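Trainee: Pasting a structure below so you can have a look.
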Amino acid sequence: MQVVKTIVDLRNIAKKWRKAGESIAFVPTMGSLHAGHLKLVEEAKKSADRMVVSIFVNPAQFGVGEDFEVYPRTEDEDKQKLQASEVDLLFLPNVSEMYGDGAKTLVSVKNLSMLHCGASRPGHFDGVATVVCKLFNMVQPDVAFFGQKDFQQLAIIRTMVSDLNIPVEIMSVETVRESSGLAMSSRNGYLFSEELQVAPKLYQALCVARDEILLGEKRYSAIENEAVTYLQNAGFMVDYFSVCRVDDLYKADKRETDLVVLAAAKLGRTRLIDNICFSVVR
Ligand code: PAF
(Lines give C-alpha, C1' and ligand atoms only; values in the text may rest on other atoms or scores of the structure.)
Protein backbone atom coordinates (compact mmCIF):
# COMPACT_ATOMS: atom_id res chain seq x y z
CA MET A 1 0.00 0.00 0.00
CA GLN A 2 1.33 3.42 -0.93
CA VAL A 3 0.87 6.16 1.67
CA VAL A 4 0.88 9.77 0.46
CA LYS A 5 0.40 13.03 2.33
CA THR A 6 0.25 15.55 -0.51
CA ILE A 7 -2.29 16.26 -3.22
CA VAL A 8 0.49 16.32 -5.85
CA ASP A 9 1.64 12.79 -4.97
CA LEU A 10 -1.93 11.53 -4.87
CA ARG A 11 -2.71 13.04 -8.28
CA ASN A 12 0.46 11.66 -9.89
CA ILE A 13 -0.39 8.12 -8.83
CA ALA A 14 -4.07 8.40 -9.77
CA LYS A 15 -3.09 9.88 -13.14
CA LYS A 16 -0.94 6.84 -13.95
CA TRP A 17 -3.77 4.50 -13.05
CA ARG A 18 -6.24 6.41 -15.19
CA LYS A 19 -3.79 6.46 -18.11
CA ALA A 20 -3.59 2.67 -17.83
CA GLY A 21 -7.39 2.56 -18.09
CA GLU A 22 -7.90 1.60 -14.44
CA SER A 23 -10.96 2.72 -12.48
CA ILE A 24 -10.76 4.07 -8.92
CA ALA A 25 -12.95 3.38 -5.89
CA PHE A 26 -12.74 5.69 -2.89
CA VAL A 27 -13.67 5.48 0.81
CA PRO A 28 -13.18 8.73 2.75
CA THR A 29 -12.79 8.26 6.51
CA MET A 30 -11.70 10.05 9.66
CA GLY A 31 -9.70 7.00 10.72
CA SER A 32 -10.11 4.98 13.93
CA LEU A 33 -11.17 2.25 11.57
CA HIS A 34 -13.63 -0.45 12.66
CA ALA A 35 -15.45 -3.29 10.92
CA GLY A 36 -17.93 -0.81 9.39
CA HIS A 37 -15.13 0.99 7.53
CA LEU A 38 -13.58 -2.31 6.46
CA LYS A 39 -16.92 -3.43 5.05
CA LEU A 40 -16.99 -0.24 2.95
CA VAL A 41 -13.50 -1.05 1.68
CA GLU A 42 -14.45 -4.67 0.96
CA GLU A 43 -17.49 -3.57 -1.08
CA ALA A 44 -15.63 -0.74 -2.79
CA LYS A 45 -12.83 -3.06 -3.91
CA LYS A 46 -15.32 -5.15 -5.89
CA SER A 47 -16.34 -2.11 -7.91
CA ALA A 48 -13.06 -0.79 -9.37
CA ASP A 49 -9.48 -1.69 -10.28
CA ARG A 50 -7.84 0.54 -7.68
CA MET A 51 -8.81 1.31 -4.11
CA VAL A 52 -8.07 4.62 -2.36
CA VAL A 53 -8.86 5.39 1.30
CA SER A 54 -8.38 8.77 2.95
CA ILE A 55 -7.94 9.46 6.64
CA PHE A 56 -8.51 13.05 7.67
CA VAL A 57 -10.03 14.21 10.94
CA ASN A 58 -11.79 17.22 9.49
CA PRO A 59 -11.84 20.18 11.92
CA ALA A 60 -14.46 21.96 9.79
CA GLN A 61 -17.16 19.45 10.69
CA PHE A 62 -16.72 19.74 14.46
CA GLY A 63 -18.48 22.51 16.37
CA VAL A 64 -17.14 24.51 19.30
CA GLY A 65 -17.01 22.28 22.38
CA GLU A 66 -17.30 19.08 20.32
CA ASP A 67 -14.78 16.24 20.36
CA PHE A 68 -12.28 17.29 17.65
CA GLU A 69 -9.34 17.33 20.09
CA VAL A 70 -10.08 13.93 21.60
CA TYR A 71 -11.40 12.21 18.46
CA PRO A 72 -9.53 8.86 18.37
CA ARG A 73 -6.44 8.91 16.15
CA THR A 74 -5.05 5.42 15.58
CA GLU A 75 -2.87 5.86 12.49
CA ASP A 76 -0.61 2.84 12.94
CA GLU A 77 -3.45 0.38 13.56
CA ASP A 78 -5.44 1.93 10.70
CA LYS A 79 -2.53 1.48 8.30
CA GLN A 80 -2.20 -2.19 9.28
CA LYS A 81 -5.92 -2.78 8.72
CA LEU A 82 -5.87 -1.09 5.30
CA GLN A 83 -2.73 -2.96 4.30
CA ALA A 84 -4.42 -6.25 5.27
CA SER A 85 -7.48 -5.20 3.21
CA GLU A 86 -5.19 -4.71 0.20
CA VAL A 87 -5.91 -1.04 -0.28
CA ASP A 88 -3.71 0.45 -3.03
CA LEU A 89 -3.32 3.95 -1.67
CA LEU A 90 -3.86 5.71 1.64
CA PHE A 91 -4.19 9.50 1.45
CA LEU A 92 -3.23 11.14 4.74
CA PRO A 93 -3.32 14.93 4.31
CA ASN A 94 -2.81 17.30 7.22
CA VAL A 95 -4.98 20.36 7.85
CA SER A 96 -2.80 22.80 5.89
CA GLU A 97 -2.59 20.43 2.91
CA MET A 98 -6.38 20.18 2.95
CA TYR A 99 -7.29 23.81 3.52
CA GLY A 100 -4.17 25.82 2.70
CA ASP A 101 -4.23 29.11 4.53
CA GLY A 102 -7.60 30.74 4.47
CA ALA A 103 -9.87 28.79 2.09
CA LYS A 104 -12.92 30.93 1.40
CA THR A 105 -15.30 28.50 -0.27
CA LEU A 106 -17.91 26.48 1.54
CA VAL A 107 -20.21 23.85 0.04
CA SER A 108 -23.63 23.99 1.65
CA VAL A 109 -26.58 21.79 0.74
CA LYS A 110 -29.65 23.88 1.58
CA ASN A 111 -32.51 22.57 3.74
CA LEU A 112 -31.18 19.03 4.18
CA SER A 113 -28.19 20.37 6.13
CA MET A 114 -30.44 22.19 8.60
CA LEU A 115 -32.56 19.22 9.67
CA HIS A 116 -31.96 16.66 12.44
CA CYS A 117 -28.19 16.53 13.19
CA GLY A 118 -27.80 19.81 11.31
CA ALA A 119 -30.16 21.56 13.74
CA SER A 120 -28.13 20.53 16.78
CA ARG A 121 -24.71 20.73 15.11
CA PRO A 122 -24.80 24.02 13.14
CA GLY A 123 -22.24 24.05 10.32
CA HIS A 124 -21.48 20.33 10.66
CA PHE A 125 -22.83 19.31 7.27
CA ASP A 126 -21.24 22.30 5.50
CA GLY A 127 -17.94 21.00 6.87
CA VAL A 128 -18.72 17.50 5.64
CA ALA A 129 -19.93 18.59 2.18
CA THR A 130 -16.93 20.88 1.68
CA VAL A 131 -14.31 18.31 2.62
CA VAL A 132 -15.98 15.52 0.64
CA CYS A 133 -16.23 17.80 -2.41
CA LYS A 134 -12.52 18.65 -2.04
CA LEU A 135 -11.59 14.98 -1.62
CA PHE A 136 -13.59 14.08 -4.73
CA ASN A 137 -11.66 16.74 -6.66
CA MET A 138 -8.37 15.46 -5.32
CA VAL A 139 -8.94 11.72 -5.84
CA GLN A 140 -11.33 11.95 -8.83
CA PRO A 141 -12.78 8.52 -8.10
CA ASP A 142 -15.23 6.69 -10.35
CA VAL A 143 -17.17 5.46 -7.35
CA ALA A 144 -17.24 6.36 -3.65
CA PHE A 145 -18.69 4.38 -0.75
CA PHE A 146 -20.43 5.66 2.40
CA GLY A 147 -22.13 3.93 5.32
CA GLN A 148 -25.90 4.05 5.79
CA LYS A 149 -25.39 4.70 9.49
CA ASP A 150 -24.77 8.35 8.58
CA PHE A 151 -28.04 8.47 6.64
CA GLN A 152 -28.34 12.25 6.55
CA GLN A 153 -24.70 12.64 5.51
CA LEU A 154 -25.30 10.18 2.67
CA ALA A 155 -28.36 12.13 1.49
CA ILE A 156 -26.39 15.38 1.60
CA ILE A 157 -23.50 13.91 -0.40
CA ARG A 158 -25.84 12.45 -3.01
CA THR A 159 -27.55 15.84 -3.36
CA MET A 160 -24.22 17.68 -3.61
CA VAL A 161 -22.92 15.27 -6.28
CA SER A 162 -26.09 15.65 -8.31
CA ASP A 163 -26.34 19.45 -7.93
CA LEU A 164 -22.66 20.07 -8.73
CA ASN A 165 -22.49 17.45 -11.50
CA ILE A 166 -19.55 15.71 -9.85
CA PRO A 167 -18.73 12.66 -11.98
CA VAL A 168 -18.72 10.05 -9.23
CA GLU A 169 -21.15 7.27 -8.44
CA ILE A 170 -22.21 7.21 -4.78
CA MET A 171 -22.79 3.78 -3.26
CA SER A 172 -24.03 3.01 0.22
CA VAL A 173 -23.37 0.06 2.47
CA GLU A 174 -25.56 -1.25 5.29
CA THR A 175 -24.68 -0.37 8.86
CA VAL A 176 -22.43 -2.91 10.55
CA ARG A 177 -23.58 -3.71 14.09
CA GLU A 178 -22.18 -5.28 17.22
CA SER A 179 -23.95 -8.52 18.25
CA SER A 180 -25.93 -6.30 20.69
CA GLY A 181 -27.34 -4.34 17.74
CA LEU A 182 -25.30 -1.22 18.53
CA ALA A 183 -24.18 0.44 15.29
CA MET A 184 -20.41 0.45 14.97
CA SER A 185 -18.89 3.91 15.36
CA SER A 186 -15.50 5.32 16.18
CA ARG A 187 -17.24 7.20 19.01
CA ASN A 188 -18.37 3.96 20.72
CA GLY A 189 -14.93 3.93 22.30
CA TYR A 190 -16.07 6.84 24.50
CA LEU A 191 -18.71 4.64 26.17
CA PHE A 192 -18.06 3.35 29.69
CA SER A 193 -18.77 -0.35 30.26
CA GLU A 194 -22.15 0.34 32.00
CA GLU A 195 -23.14 2.61 29.09
CA LEU A 196 -22.27 -0.16 26.62
CA GLN A 197 -25.07 -2.21 28.19
CA VAL A 198 -27.56 0.62 27.61
CA ALA A 199 -26.41 1.90 24.18
CA PRO A 200 -28.06 -0.94 22.14
CA LYS A 201 -31.45 0.36 23.33
CA LEU A 202 -31.22 3.06 20.68
CA TYR A 203 -31.40 0.45 17.93
CA GLN A 204 -34.04 -1.49 19.89
CA ALA A 205 -36.21 1.64 19.99
CA LEU A 206 -35.80 2.04 16.22
CA CYS A 207 -36.81 -1.60 15.65
CA VAL A 208 -39.90 -1.20 17.86
CA ALA A 209 -40.90 1.94 15.92
CA ARG A 210 -40.45 0.15 12.60
CA ASP A 211 -42.45 -2.88 13.77
CA GLU A 212 -45.31 -0.72 15.04
CA ILE A 213 -45.49 1.08 11.68
CA LEU A 214 -45.34 -2.19 9.77
CA LEU A 215 -48.21 -3.47 11.92
CA GLY A 216 -50.29 -0.50 10.74
CA GLU A 217 -49.75 2.23 13.36
CA LYS A 218 -50.05 5.57 11.56
CA ARG A 219 -49.81 7.97 14.49
CA TYR A 220 -46.12 8.66 14.00
CA SER A 221 -45.90 11.31 16.67
CA ALA A 222 -47.22 8.82 19.24
CA ILE A 223 -44.53 6.34 18.16
CA GLU A 224 -41.86 9.06 18.42
CA ASN A 225 -43.02 10.16 21.88
CA GLU A 226 -43.11 6.58 23.13
CA ALA A 227 -39.53 6.02 21.90
CA VAL A 228 -38.28 9.27 23.46
CA THR A 229 -39.79 8.31 26.83
CA TYR A 230 -38.29 4.79 26.62
CA LEU A 231 -34.85 6.20 25.81
CA GLN A 232 -35.01 8.90 28.48
CA ASN A 233 -35.97 6.29 31.08
CA ALA A 234 -32.95 4.25 29.96
CA GLY A 235 -30.67 7.25 30.62
CA PHE A 236 -30.35 8.88 27.17
CA MET A 237 -30.67 12.58 26.44
CA VAL A 238 -32.60 12.41 23.21
CA ASP A 239 -31.77 14.92 20.48
CA TYR A 240 -34.39 13.66 17.99
CA PHE A 241 -36.34 10.54 17.11
CA SER A 242 -38.17 11.13 13.91
CA VAL A 243 -40.19 9.14 11.37
CA CYS A 244 -39.19 10.64 8.02
CA ARG A 245 -39.61 10.12 4.34
CA VAL A 246 -36.53 8.70 2.64
CA ASP A 247 -36.61 11.22 -0.23
CA ASP A 248 -35.88 14.44 1.64
CA LEU A 249 -35.79 13.46 5.34
CA TYR A 250 -38.77 15.66 6.18
CA LYS A 251 -41.36 14.27 8.61
CA ALA A 252 -43.39 11.51 7.00
CA ASP A 253 -47.13 11.57 6.86
CA LYS A 254 -49.27 8.44 6.87
CA ARG A 255 -49.47 8.22 3.05
CA GLU A 256 -45.71 7.84 2.62
CA THR A 257 -44.40 4.35 1.82
CA ASP A 258 -40.59 4.70 1.89
CA LEU A 259 -39.62 5.59 5.41
CA VAL A 260 -36.54 6.07 7.55
CA VAL A 261 -36.63 6.51 11.31
CA LEU A 262 -33.72 8.72 12.32
CA ALA A 263 -32.44 9.05 15.88
CA ALA A 264 -29.69 10.79 17.79
CA ALA A 265 -29.19 10.70 21.53
CA LYS A 266 -26.46 11.31 24.06
CA LEU A 267 -25.45 8.70 26.57
CA GLY A 268 -23.20 10.44 29.06
CA ARG A 269 -20.67 12.30 26.93
CA THR A 270 -21.21 10.13 23.84
CA ARG A 271 -23.48 11.24 21.02
CA LEU A 272 -24.92 8.22 19.20
CA ILE A 273 -26.83 8.26 15.92
CA ASP A 274 -28.64 5.45 14.17
CA ASN A 275 -31.52 4.84 11.79
CA ILE A 276 -33.72 2.19 10.27
CA CYS A 277 -35.00 2.31 6.72
CA PHE A 278 -37.98 0.32 5.37
CA SER A 279 -40.97 0.36 3.04
CA VAL A 280 -44.62 0.04 3.96
CA VAL A 281 -47.10 -1.68 1.67
CA ARG A 282 -50.27 0.46 1.57
O1 PAF B 1 -18.24 9.88 7.81
C2 PAF B 1 -17.11 10.35 8.02
O3 PAF B 1 -16.22 9.67 8.53
C4 PAF B 1 -16.84 11.79 7.65
O5 PAF B 1 -17.94 12.60 7.86
C6 PAF B 1 -16.29 11.96 6.21
C7 PAF B 1 -17.32 11.51 5.18
C8 PAF B 1 -15.01 11.15 6.04
C9 PAF B 1 -15.96 13.44 5.95
O10 PAF B 1 -15.01 13.91 6.82
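The values are calculated or read from the model by the stated rules, or taken from the named source; none is laboratory data. The structure presented is a predicted model; accordingly, all values stated were derived computationally and were not measured. Counting neighbours? That spans all protein chains shown, and the Cβs are built from the backbone with ideal geometry, glycine included. Heavy atoms of the whole protein, side chains included, go into the accessibility calculation; ligands, DNA and RNA do not. Shrake-Rupley method; radii C 1.70, N 1.55, O 1.52, S 1.80 Å.
Trainee: How many residues are touching a residue at least 24 places away in the same chain (Cβ under 8 Å) and either aromatic (Phe, Trp, Tyr) or over 15 Å from residue 247 (Cα atoms) (or both) when one looks only at the stretch 104-115?
Mentor: Of the residues in the stretch 104-115, 3 are touching a residue at least 24 places away in the same chain (Cβ under 8 Å) and either aromatic (Phe, Trp, Tyr) or over 15 Å from residue 247 (Cα atoms) (or both).
Trainee: Still on this model: Report yes if residue 190 is within 16 Å of the ligand (Cβ to nearest atom) and of a type outside the set (Gly, Ala, Ser), otherwise no.
Mentor: Details: within 16 Å of the ligand (Cβ to nearest atom): yes; of a type outside the set (Gly, Ala, Ser): yes.
For residue 190, the condition - within 16 Å of the ligand (Cβ to nearest atom) and of a type outside the set (Gly, Ala, Ser) - is met.
Trainee: Whether any residue in the stretch 120-132 is over 29 Å from residue 14 (Cβ atoms), more than 19 Å from the chain's Cα centre (by Cα) and more than 11 Å from the ligand (Cβ to nearest atom) is what I want to check.
Mentor: As a first pass, look at the stretch 120-132 and keep what is over 29 Å from residue 14 (Cβ atoms): 120-123.
Now restrict to residues that are more than 19 Å from the chain's Cα centre (by Cα): none.
Among the residues of the stretch 120-132, not one is over 29 Å from residue 14 (Cβ atoms), more than 19 Å from the chain's Cα centre (by Cα) and more than 11 Å from the ligand (Cβ to nearest atom), which makes the answer no.
Trainee: Checking residue 12 against (1) assigned to a loop (DSSP other than H, G, I, E, B); (2) touching a strand residue (DSSP E or B) at 6+ places or on another chain (Cβ under 9 Å); (3) open to solvent by 50 Å² or more (accessible area, probe 1.4 Å); (4) farther than 20 Å from residue 153 by Cα: exactly one of these is not met. Which one?
Mentor: Condition not satisfied by residue 12: (1).
Trainee: Right, something else. Out of the stretch 239-257, which residues are open to solvent by 70 Å² or more (accessible area, probe 1.4 Å) and part of a loop (DSSP other than H, G, I, E, B)?
Mentor: The answer is 247, 250, 254, 255.
Trainee: How many residues does the stretch 23-67 hold that are free of Cβ contacts under 8 Å to residues at least 60 places away in the same chain, assigned to a loop (DSSP other than H, G, I, E, B) and away from the ligand (no atom under 13 Å from the Cβ)?
Mentor: 4
Trainee: Give the residues of the stretch 258-279 that are open to solvent by 50 Å² or more (accessible area, probe 1.4 Å) and touching a residue at least 60 places away in the same chain (Cβ under 8 Å), sorted by residue number.
Mentor: Let us first name the residues in the stretch 258-279 that are open to solvent by 50 Å² or more (accessible area, probe 1.4 Å), namely 258, 266, 268-269, 271, 277, 279.
Answer for the stretch 258-279, where residues must be open to solvent by 50 Å² or more (accessible area, probe 1.4 Å) and touching a residue at least 60 places away in the same chain (Cβ under 8 Å): 268, 269, 271, 277.
Trainee: For the stretch 42-84, how many residues meet the condition of being in contact with a strand residue (DSSP E or B) (Cβ under 8 Å, 6 or more places away or on another chain) and either more than 16 Å from residue 187 (Cα to Cα) or open to solvent by 60 Å² or more (accessible area, probe 1.4 Å) (or both)?
Mentor: The number of residues fulfilling the criteria is 14.
Trainee: Right, another one. Does the stretch 136-143 contain at least one residue that is near the ligand (Cβ under 10 Å from one of its atoms) and part of a strand (DSSP E or B)?
Mentor: no
Trainee: Same structure again: Only one of these is more than 20 Å from residue 262 (Cβ to Cβ) and not charged (D, E, K, R): 181, 235. Name it.
Mentor: 235
Trainee: Tell me whether the stretch 152-159 contains one or more residues that are near the ligand (Cβ under 9 Å from one of its atoms) and touching a residue at least 40 places away in the same chain (Cβ under 8 Å).
Mentor: No - not one qualifying residue is present in the stretch 152-159.
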